[in-house]
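Take a look at the structure set out below.
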Amino acid sequence: MEHVATPSWAMLAYLVSGVLFILALRGLSSPATSRRGNRFGMAGMLIAVVTTLVTHEVASLPEIVGAIAIGGAVGWVIARKIAMTAMPQLVAAFHSLVGLAAVLVGVAAFLNPEAFGILGADGNILSVSRVEMALGAAIGAITFSGSVIAFAKLNGNMSGAPIMLPARHVINLGTLGAIIALTALFTMSDAAGPGENQMFWIICALAFIIGFLLIIPIGGADMPVVVSMLNSYSGWAAAAMGFTLHNTAMIITGALVGSSGAILSYIMCKAMNRSFISVIAGGFGAESASDGAGAAKTDRPWKRGSAEDAAFLLGEAENVIIIPGYGMAVAQAQHVLREMGDLLKEKGVNVKYAIHPVAGRMPGHMNVLLAEANVPYDEVFELEDINSEFAQADVAFIIGANDVVNPAAKTDKSSPIYGMPVFDVDKAKTVMFIKRSMGGVGYAGVDNDVFYMDQTMMLLADAKKMVEEIIKAL
């Protein structure tokens, strides 16, 4: 694809695309408007793609249209078949493709700069283009390799526990420093052709390596922040490549994705009491994995309840707060949970749903599941809006959540989740806790004192099956 001067009407079209992308982000900020936001985003992308194809000399339009058709068909099939439990892995996988695309664009520009219109009068690549090319390829490579590790951790292909390399901070800082130094040298070098300058390839290789190194030390409990952070990286990679391609739409879109992802990462870091700088640097997970650390505590006394017991207490309650977690997603229990909530409301019970910012394995995971089950939006509350109401709650109904209700985050300074804001379920009159068995621990790998509280009733079963039995009893 050869770059030509962009006509004024195309600039206007890109501006319209940018506005639609902004409206898309605005719509995606709430489950109630998320469908409309997606439509805005699709319309904006359609305008941007068509405008780019019309305003550029395309070597083979049928090949490009064919590639778009194949990619669209693959995306359609995956989106239709993917289980909601696998959505975090899918997001990580798609982020890796964005990063890899940025690297390939950078490589193409480096190998054939004339086609991209980035050659100077002296026959070398323009200095500003070298900066854009190197940064875009480096950020893209970090996004790709980091997303691959995130996918492997989320998909169970590798341990979700932090993998701590010796002197990892020194290695990370040294590698990042080398990438920055080589980018500066690459920019100032007189020999910038593919056969004369190997610094570009070294930058790409180091960036691939640092992507692995940044994500490997991060534990599974911090994966929602990782997914958000990688989303931001993919946006900045796309923006950098937009400069290389002289494409205004890519610059706007990449900047929007990068900045919104960074803001979301900051919000989630605040929700987990993590340092935003440490997120960017990597290795902000627990210093040591605590796999099975809580197993020795399971001999403490605890109370087991039945579906009939739970149904009786729920039916007699005035205020019930439901806290969903990843276990609900695994069991696909959101629909029966909504049915149980409707039954309780028919009995005059006030039902609310409490969503932790990092519940599940990606940002907004629980919101998506509840929206899929048609839970009314006005019954769903964030942590800061509902945490004070647990003292007045008759029942705190926990389904598949663990770390987000673990009081160790408030009391145990040695805990990997210490400092993370959690729900004050211990203040409720009764706590019902659905989990498969007492032998398991949360994704962070720590035991939960809520299991052993006097007012806690453990409901040990598959989440969907247990809720179905409660519905029958109701």
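Descriptive notes on the structure:
- Region 23-79 - residue that is within 24 Å of LEU370 (Cα to Cα) and β-branched (Val, Ile, Thr) and, of those, modelled with the highest pLDDT: VAL77
- Filter pass, LEU126 being without any contact (Cβ under 8 Å) to a residue 24 or more places away in the chain and touching a strand residue (DSSP E or B) at 6+ places or on another chain (Cβ under 8 Å): yes
- If the condition is being among the aromatic types (Phe, Trp, Tyr) and over 20 Å from ALA205 (Cα atoms), then region 136-178 contributes only PHE151.
- Qualifying residue in region 274-292 (condition: at pLDDT below 80, in a helix (DSSP H, G or I) and polar (S, T, N, Q)): yes
- Under the condition of being modelled with pLDDT of 85 or more and touching a helix residue (DSSP H, G or I) at 6+ places or on another chain (Cβ under 6 Å), the residues counted in region 399-420 number 4.
- Among the residues of region 118-139, those identified as outside any loop (DSSP other than H, G, I, E, B) and open to solvent by less than 20 Å² (accessible area, probe 1.4 Å) are ILE125, SER129, ARG130, MET133, ALA134, GLY136, ALA137, ALA138.
- Hits in region 447-469 (condition: farther than 26 Å from ASP424 by Cβ and part of a helix (DSSP H, G or I)): LYS464, LYS465, GLU468, GLU469
- Residue in region 403-410 that is touching a residue at least 12 places away in the same chain (Cβ under 8 Å), assigned to a helix (DSSP H, G or I) and open to solvent by 30 Å² or more (accessible area, probe 1.4 Å) present: yes
- Exactly one residue among ILE142, ILE179, ILE202 is open to solvent by 30 Å² or more (accessible area, probe 1.4 Å), among the aliphatic types (A, V, I, L, M) and out of contact with any His (no Cβ under 9 Å at 6 or more places or on another chain), and that residue is ILE202.
- Residues located in region 416-429, provided they are touching a residue at least 60 places away in the same chain (Cβ under 8 Å) and open to solvent by less than 30 Å² (accessible area, probe 1.4 Å): PRO416, ILE417, GLY419, MET420, VAL422, PHE423, VAL425, ALA428
- Scanning region 222-269 for residues that are within 30 Å of LEU53 (Cα to Cα), within 16 Å of the chain's Cα centre (by Cα) and small (Gly, Ala, Ser) returns SER232, SER234, GLY235, GLY258, SER259, SER260, GLY261.
- Members of region 318-345 that are touching a residue at least 12 places away in the same chain (Cβ under 8 Å) and open to solvent by 10 Å² or more (accessible area, probe 1.4 Å): GLU318, ASN319, TYR326, GLY327, VAL330, ALA331, GLN332, HIS335, VAL336, ARG338, GLU339, LEU343
- Lone qualifier among GLY348, GLY360, GLY315 - being at pLDDT 90 or above and either part of a loop (DSSP other than H, G, I, E, B) or crowded, with 24+ Cβ neighbours inside 10 Å (or both): GLY348
- Residue list for region 152-176, restricted to those being assigned to a helix (DSSP H, G or I) and either polar (S, T, N, Q) or surrounded by fewer than 22 Cβ atoms within 10 Å (Cβ to Cβ) (or both): ALA152, ASN155, ARG168, HIS169, VAL170, ILE171, ASN172, LEU173, GLY174, THR175, LEU176
The values are calculated or read from the model by the stated rules, or taken from the named source; none is laboratory data. Nothing here was measured: the structure is a model prediction, and the numbers come from that model. Glycine also receives a Cβ, built like all others from the backbone with ideal geometry; neighbour counts cover every protein chain displayed. Calculation scope for accessible area: heavy atoms of the full protein, side chains included, ligands and nucleic acids excluded. Shrake-Rupley method; radii C 1.70, N 1.55, O 1.52, S 1.80 Å.
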